[in-house]
Amino acid sequence: MTDAAAARGANLDRERLCAFYRQMWRIRAFEECAMRGAEAGEVFGTVHPSIGQEAVAVAVCGNLRRDDILLSTHRGHGHTLVKGADPYAMMCELLGRVDGSCRGKGGSMHIADFGVAMLGANGVVGANTVIAVGAAQRLKYLRSDRIVACIFGDGAVNRGTFLEALNWAAVHALPVLFVCEDNRYAASTRTCDLTAGGGAAARGPALGVETVEADGNDVAGLDATVRELVERVRGGPPVLLVARTYRLAGHTSRDPAAYRPEAEVAAARKEDPIARCAALLRLAGVGEEELAGMREAACREMDAVYERARGAAWPPRALAFADVQDVGSPEERPF
Ligand SMILES: Cc1ncc(C[n+]2csc(CCOP(=O)(O)OP(=O)(O)O)c2C)c(N)n1
Ligand SMILES: [Mg+2]
């Protein structure tokens with residue numbers, strides 16, 4: 001840990017740091033349950049764990065208002081949880097139960113919860129960036145002070161949609177916080193091998209978009225950065241944040257990630273955002289028992305959520321075709 005980080009730990013608001021720690025453990029515990037469920041054949045569809053990337057979810061989504069809009073990715077459990085979605089509804093969605101956020105039809109990659117302005121995870125890489133810009137255009141039209149946060153991976157910056165979205169948001173000064181979760185990989189490929197120029201952070205300046213690069217595993221530092229950026233984005237123009245992180249698990253729950261050099265993974269493990277937050281908490285005077293208590297509480301919460309979801313009903317046959325297609329006159333549901 002650097003001296004600067006240590007000094008920050010000593011000065012940090014202990015309660016705020018504890019809240020980050022609890023939230024990061026809630027995400028990890030949720031995903032560990034989901035991965036066990038996938039292994040047992042109880043979770044349907046693919047699960048993309050964000051283990052190792054929890055600090056980005058906590059810092060970004062923790063700084064949004066409940067009515068600020070969020071668009072997430074295929075790796076979105078953490079974003080959605082921190083935005084305020086109910087973990088039971090999320091787990092039911094993974095298990096295909098009727099109490100799921102989308103009545104069990106979408107699974108992990110299609111969780112949406114309009115109740116907390118979470119417009120959706122998205123299985124199509126980069127597709128959420130243009131949806132975000134559309135949502136922000138509507139907010140601007142309504143003269144709203146809400147913002148849109150759009151999280152995407154470093155692989156998404158090479159999709160045409162990202163360029164379109166960034167350009168349109170800049171031209172119309174739309175209130176979008178674009179967040180690139182740069183975990184260095186797009187599935188099994190190192191993104192640096194297929195990204196020309198200076199990477200994600202070089203894309204913003206080319207379009208006149210203010211761009212900030214940050215350590216995505218330093219939850220306290222990132223929280224301070226995002227808090228400032230969110231206030232700047234309110235009312236527009238857009239900002240691009242590139243948060244450097246690392247996915248400690250496989251691309252999916254079934255991926256052993258053997259394509260990564262062992263030394264690289266070992267080095268990344270030392271930067272685990274939860275372990276780094278624990279180190280700051282120790283500096284702030286939090287003891288081992290309290291740290292273990294927070295972790296155990298998160299694991300107990302998610303184990304209970306999983307067991308409850310396992311007992312939930314399957315969707316009735318009559319709902320098989322409900323909500324799967326726009327039938328022409330959908331009711332207007334505000335989000
Ligand atoms: C348009 C599109 N192309 C390819 C895929 C297959 N795919 C799913 S996840 C993924 C990697 C995305 O990498 P990145 O954007 O860095 O996100 P990460 O998985 O690292 O979180 C790919 C290529 C897809 N889902 N959508
Ligand atoms: Mg990536």
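The values are calculated or read from the model by the stated rules, or taken from the named source; none is laboratory data. Only a predicted model underlies this, so the values are computations on that prediction, with no experimental measurement involved. So basically every Cβ, Gly included, is an ideal-geometry build from the backbone, and we count neighbours across all protein chains shown. What goes into the accessible areas is simple: the full protein's heavy atoms, side chains included, and nothing from ligands, DNA or RNA. Shrake-Rupley method; radii C 1.70, N 1.55, O 1.52, S 1.80 Å.
Could you derive backbone 3J(HN,Hα) for the stretch 302-309 from the dihedral phi with the Karplus parameters 6.51, -1.76 and 1.60 (θ = phi - 60°), listing whole Hz in sequence and x where the residue is Gly or Pro?
6, 4, 5, 4, 5, 5, 5, 5
If Lys and Arg each add +1 and Asp and Glu each add -1, what is the summed charge of the other residues whose beta carbon sits under 11 Å from the beta carbon of SER101? Each step should come with its number before you reach the end.
Working: positive: ARG97, ARG103, LYS105; negative: ASP86, GLU93, ASP99, ASP113.
That sum, taken over residues with Cβ under 11 Å, equals -1.
So what does ARG232 come to for accessible area, using a 1.4 Å probe and Å² rounded to 10?
Accessible area of ARG232: about 100 Å².
Tell me, what are the semi-axes, in whole angstrom and largest first, of the equivalent ellipsoid of the chain as set by the roots of 5 times the Cα gyration tensor eigenvalues? Write down the numbers at each step before the final one.
Working: eigenvalues 156, 143, 79 Å².
Equivalent ellipsoid semi-axes, largest first: 28, 27, 20 Å.
Provide the solvent-accessible area of TRP314, counting protein heavy atoms only and rolling a 1.4 Å probe, rounded to the nearest 10 Å².
So the heavy atoms of TRP314 present about 140 Å² to solvent.
Taking the Cα centre of the stretch 152-217 as origin and charging only Cβ (+1 Lys, Arg; -1 Asp, Glu), how large is the dipole, in debye to the nearest 20? Don't jump to the answer; show the numbers that get you there.
Values: 4 positive and 8 negative charges, 37 e Å.
Here the stretch 152-217 has a charge dipole of around 180 debye.
So how strong a dipole does the chain carry about its Cα centre when Lys and Arg Cβ are +1 and Asp and Glu Cβ are -1, to the nearest 20 debye?
On the way: 39 positive and 43 negative charges, 88 e Å.
With Lys and Arg at +1 and Asp and Glu at -1, about 420 debye.
Can you send over the solvent-accessible area of VAL82, 1.4 Å probe, protein chains only, in Å² to the nearest 10?
Accessible surface of VAL82 is approximately 20 Å².
Using modelled amide H (1.01 Å from N, peptide plane; none on Pro or chain starts), what sits under 5 Å from the amide H of ALA186, excluding residues fewer than 5 places away?
Sorted by chain and number, the residues that satisfy this are THR191.
How much accessible area per residue does the stretch 37-98 have, counting only protein heavy atoms and a probe of 1.4 Å, in square angstrom?
On the way: 1410 Å² over 62 residues.
Per-residue value: 23 Å².
³J(HN,Hα) across the stretch 41-51 via Karplus (A = 6.51, B = -1.76, C = 1.60, θ = phi - 60°), whole Hz, x for Gly/Pro?
So the J values, rounded to whole Hz, are x, 8, 8, 8, x, 8, 10, 10, x, 9, 4.
Can you find, among HIS110, GLN137, PHE162, the residue farthest towards the positive end of the dipole of the stretch 95-204? Put +1 on the C-beta of Lys and Arg, -1 on that of Asp and Glu.
Final value for the positive-end residue is GLN137.
Once both labels are modelled 7 Å past Cα along the beta-carbon direction, what's the THR46-ALA224 spacing in nm?
Here the answer is 3.8 nm between the modelled labels.
Using a 7 Å offset from the Cα along the Cα-to-Cβ direction at both ALA297 and ALA275, what is the distance between the two label points in nm, to one decimal?
2.5
How high is the relative contact order of the stretch 3-310, in percent, with contacts defined as C-alpha pairs under 8 Å that are six or more residues apart? Write out the running numbers ahead of the final one.
On the way: 599 pairs, mean separation 77.8, N = 308.
Computed over the stretch 3-310, the figure is 25 percent.
Convert each backbone phi in the stretch 227-239 into a coupling constant with the Karplus relation 6.51 cos²θ - 1.76 cosθ + 1.60 (shift: θ = phi - 60°), then list the ³J(HN,Hα) values in order as whole Hz, x for Gly and Pro.
Each residue of the stretch 227-239 in turn: 4, 5, 5, 4, 5, 6, 6, 4, x, x, x, x, 9 Hz.
5 Å is the cut-off here: which amide hydrogens, built 1.01 Å from N in the peptide plane, fall below it relative to GLY96, excluding neighbours closer than 5 in sequence?
Counting only residues 5 or more places away or on other chains, the set is PHE44.
What distance in nm lies between label points placed 7 Å from Cα along the C-beta direction at VAL124 and TYR141?
2.0
So if each residue of separation counts as 0.36 nm, and I subtract the Cα-Cα distance between ARG65 and GLU164, what length gain in nm does that give?
The ARG65-GLU164 span can extend by a further 33.0 nm.
Note down the net charge around ASP272, summing +1 for each Lys or Arg and -1 for each Asp or Glu among other residues with Cβ under 11 Å from its Cβ.
Values: positive: ARG28, ARG269, LYS270, ARG276; negative: GLU54, GLU271.
That works out to +2.
Working with all protein chains in place, sort HIS77, HIS251 by solvent-accessible area computed with a 1.4 Å probe, largest first.
I get HIS251, HIS77, largest accessible area first.
Between beta-carbons, use under 15 Å as the cut-off and find the net charge around ALA187, counting Lys and Arg +1, Asp and Glu -1.
On the way: positive: ARG75, ARG159, ARG184, ARG190, ARG247, ARG254, ARG260; negative: ASP154, GLU181, ASP182, ASP193, ASP255.
So the environment of ALA187 carries a net charge of +2.
Rounded to the nearest 20 debye, what is the charge dipole size of the stretch 204-254 about its Cα centre when +1 sits on each Lys and Arg Cβ and -1 on each Asp and Glu Cβ? Spell out each step's value before the answer.
Details: 6 positive and 7 negative charges, 59 e Å.
Dipole about the Cα centre, nearest 20: 280 debye.
Rounded to a whole number, what % of the accessible area of the stretch 1-122 do carbon and sulfur atoms account for, probe 1.4 Å?
On the way: 2040 of 4050 Å².
Roughly 50 percent of what the probe reaches on the stretch 1-122 is carbon or sulfur.
Top to bottom by accessible area (1.4 Å), largest first, where do VAL286, VAL324, VAL98 land? Each step should come with its number before you reach the end.
Details: VAL286 5, VAL324 85, VAL98 40 Å².
Accessible-area ranking of VAL286, VAL324, VAL98, largest first: VAL324, VAL98, VAL286.
For ALA149, what residues show an amide H to amide H distance below 5 Å, using hydrogens built from the backbone and excluding near sequence neighbours?
Long-range HN contacts for ALA149: ILE69, LEU70, LEU71, LEU177.
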